[in-house]
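Okay, structure first, notes after.
Read-outs: derived from the displayed coordinates by stated rules, not from any lab. Here the structure is a predicted model, which means the values were calculated and not measured. When we count neighbours, we look across all protein chains shown, and the Cβ atoms used for this are built from the backbone with ideal geometry, even at glycine.
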Amino acid sequence: MGAAVTVWTERRYAVIDVEGNGQHPPDLVELGVVPVVAGEIGEPVAWLVKPQEPITPMARRIHGITNDMVAGVPVFADLAAAIQVHLDGAVVVAHNASVDLGVLRRKMPDFAPTEVLDTLKLSRRLLPAQASHRLGALVEVLHLGEGLPPGLVPHRVTYDVLVTARLLVWLATRPNGTPRSFEELRDGPGGEADALF
């Protein structure tokens with residue numbers, strides 16, 4: 001008898017995105033999380049975080065977050081417990097997950113999600129003919145930004161987690177509308193875990 005198959009909607013997901021201060025290594029200045037439960041995208045939550053080092057001009061041009069915007073917000077240690085609540089027990093999802101997880105793990109050294117799906121790797125595997133797998137390119141070609149609340153912009157975490165969650169749902173649904181299994185999302189060709197970080 002074969003291994004049990006889990007429909008992807010039977011798992012709980014936490015889609016994450018981080019924005020950094022542009023330093024090397026980058027420090028966290030904004031974190032967003034949106035839950036996906038039973039295949040439905042929930043309400044996003046976002047935190048501005050006071051970094052230890054200032055935001056560089058280049059990073060500020062990308063995400064628009066200024067040093068003044070983070071001057072009076074909590075440091076990560078003051079937010080860690082609230083953030084952990086959103087991540088515990090969930091499959092963590094991000095686009096180019098190694099970057100987001102690298103920043104988070106510097107802040108939360110004990111953070112070790114049991115499962116991680118990388119929508120960048122998934123899109124490369126499931127959409128091989130796509131010219132670009134950058135998040136912005138996928139948002140454009142798959143129309144993932146349509147109907148988002150006004151005022152949301154790319155490179156701010158609320159926008160990025162919502163479009164990444166929509167990308168996850170799109171990739172997890174076959175063209176005929178049936179859901180893929182979690183194992184299909186997790187495992188690459190030949191059983192390789194190419195979607196895992």
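Descriptive notes on the structure:
- Extension reserve of the ARG174-LEU87 stretch, reckoned as 0.36 nm per residue once the Cα distance is removed: 28.6 nm
- DSSP beta bridge pairing in the stretch 1-149, given as percent antiparallel to the nearest 5: 70 percent
- Shape analysis of the chain yields a ratio of the Cα radius of gyration to the Kirkwood radius, Rg/Rh, of 0.97.
- Ordering of 32-39, 8-15 by burial proxy (mean other Cβ atoms within 10 Å per residue, highest first): 8-15, 32-39
- Cβ-based net charge around ARG12, under 14 Å, with every Lys or Arg adding one and every Asp or Glu removing one: -3
- The label point for LEU148 and the one for SER132, both projected 7 Å from the Cα toward the Cβ, are 1.5 nm apart.
- Where the Cα pairs of the stretch 1-112 fall when distances are cut into 10 Å bins, in %: 14, 42, 29, 11, 3, 1, 0
- Protection proxy ranking of 78-91, 47-60, by the mean of other Cβ atoms within 10 Å over each peptide's residues and highest first, is 47-60, 78-91.
- Value of relative contact order over the stretch 9-189, rounded to a whole percent, pairs C-alpha under 8 Å and six or more apart: 24 percent
- Here the spin labels are modelled as points 7 Å beyond Cα on the Cα-Cβ line, and at GLN52 and ALA112 they lie 2.3 nm apart.
- Linear extension gain, VAL99 paired with HIS24, 0.36 nm per residue minus alpha-carbon span: 25.8 nm
- Net length available on complete extension from ASP68 to GLU183 is 36.9 nm, with 0.36 nm assigned per residue and the Cα-Cα distance removed.
- Computed over neighbours whose Cβ is under 14 Å from that of ASN67, the net charge equals -2, Lys and Arg +1, Asp and Glu -1.
- Residue-count net charge about VAL161 - beta-carbon cut-off 12 Å; Lys, Arg +1, Asp, Glu -1: -4
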